[in-house]
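Visitor: Input: one structure, supplied below.
Every number here is computed from the coordinates shown, using simple stated rules; none is lab data. Because the structure is a prediction, the values reported are computed rather than measured. For neighbour counting, all protein chains shown are included, and Cβ atoms are generated from backbone atoms with ideal geometry for every residue, glycine included.
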Amino acid sequence: MAEKKKNSREKPVKKSDFTPFDKENVIRPLKLFITIVTNGQGDALIKLMEKAGATFSFVASGEGTGKNYLPNLLSGVDNKKQVVFSLVREDKTEEVCEALKTRFSTSRAANGISLSVKLTSVAGVSVYRFLTNVRKVKKVQSDDEF
Amino acid sequence: MTNSKRELICCIINNGYSDLVMEAAKKKGAQGGTILHGRGAGAAEAEKFFGIKVSPEKEVVLICVESEIKDEVLSSIYEEAGLDTKGQGIIFTLPVEDFVTGKKAWKY
């Protein structure tokens, strides 16, 4: 055991073996889309957004507190909402916005609100790759190859 | 659609105080908000030493407002449910980049 330890000490991994990820690859900033829809439509929305280019999303359930909500017993109005958090690469935002807009304007029942916030940092290359669904994006590559 | 001048107000408050927050926000012109339920993960030892009861059940309120009225809404929420009150709210805002909704007539 002791010998093995010595050996590993003799051959430390050089820092120069790793080249920083951003030197060889393009890094595109991410945006967090927070979408609020009526209860039950979260999964459909995730499908729609992932088709448009969103990469990572999850649903949480919440309550709406809009202007015209009467108490549930009186009106039967359901104020339950689903909140979809999803990550979108910055170059895909317009497509996602378009998809959301067409979805929201199809009918009153499909209405919702979506807003996006820019992410300022991501910890780790592997996390970035996981979140963006990108393995390697060489800087020399043209944009069409995405 | 893009570059809308709005801000997202996030409030993390003790369970049951979301009505106070929404009332305070609506007073200053906010349209509506969304409430999520969660659990705080504060240090358990803080309860012992400082004598403040940190209850773990939390509510998160998300309110999207125009940036002109943001400061007013923020201060009114802070007065009603800030850290000094029983709501023990942590309130912060995030800049919204894109904003998408359906037709105006469908706004509730």
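Visitor: List B:Asp98, B:Asp84, A:Asp78 from most exposed to least, where exposure is judged by having the fewest other Cβ atoms within 10 Å.
Guide: Starting with the residue having the fewest Cβ neighbours, the order is B:Asp84, A:Asp78, B:Asp98.
Visitor: Is there a simple number for the mean count of other chain Cβ atoms within 10 Å of the Cβ of residues in B:29-39, and what is it?
Guide: Taking all residues of B:29-39 together, the mean is 5.
Visitor: Could I ask something else about it? Return the average number of partner chain Cβ atoms within 10 angstrom of each residue Cβ along peptide A:109-115.
Guide: Across the residues of A:109-115, the mean count of other-chain Cβ atoms within 10 Å is 6.
Visitor: Ignore the peptide's own chain and count Cβ atoms of other chains within 10 Å of each Cβ in A:93-105; give me the average, rounded.
Guide: Per residue, the average neighbour count from other chains is 3.
Visitor: Further, regarding this structure: When the Karplus curve 6.51 cos²θ - 1.76 cosθ + 1.60 is applied with θ = phi - 60°, which whole-Hz ³J(HN,Hα) does each residue of the stretch A:78-93 get, with x for Gly and Pro?
Guide: 9, 9, 6, 10, 10, 10, 9, 9, 9, 9, 9, 5, 5, 6, 9, 4
Visitor: Further, regarding this structure: Here is the link list: A:Lys47/A:Lys101; B:Lys27/B:Lys103; A:Lys47/B:Lys26; A:Lys101/B:Lys26. Which ones come out longer than 22 Å on Cα distance?
Guide: Values: A:Lys47/A:Lys101 15 Å; B:Lys27/B:Lys103 25 Å; A:Lys47/B:Lys26 34 Å; A:Lys101/B:Lys26 26 Å.
Table pairs above 22 Å Cα-Cα are B:Lys27/B:Lys103; A:Lys47/B:Lys26; A:Lys101/B:Lys26.
Visitor: On to the next question. Just rank B:Met22, A:Met49, fewest to most, by other beta-carbon atoms within 10 angstrom.
Guide: Fewest-to-most Cβ neighbours within 10 Å comes out as B:Met22, A:Met49.
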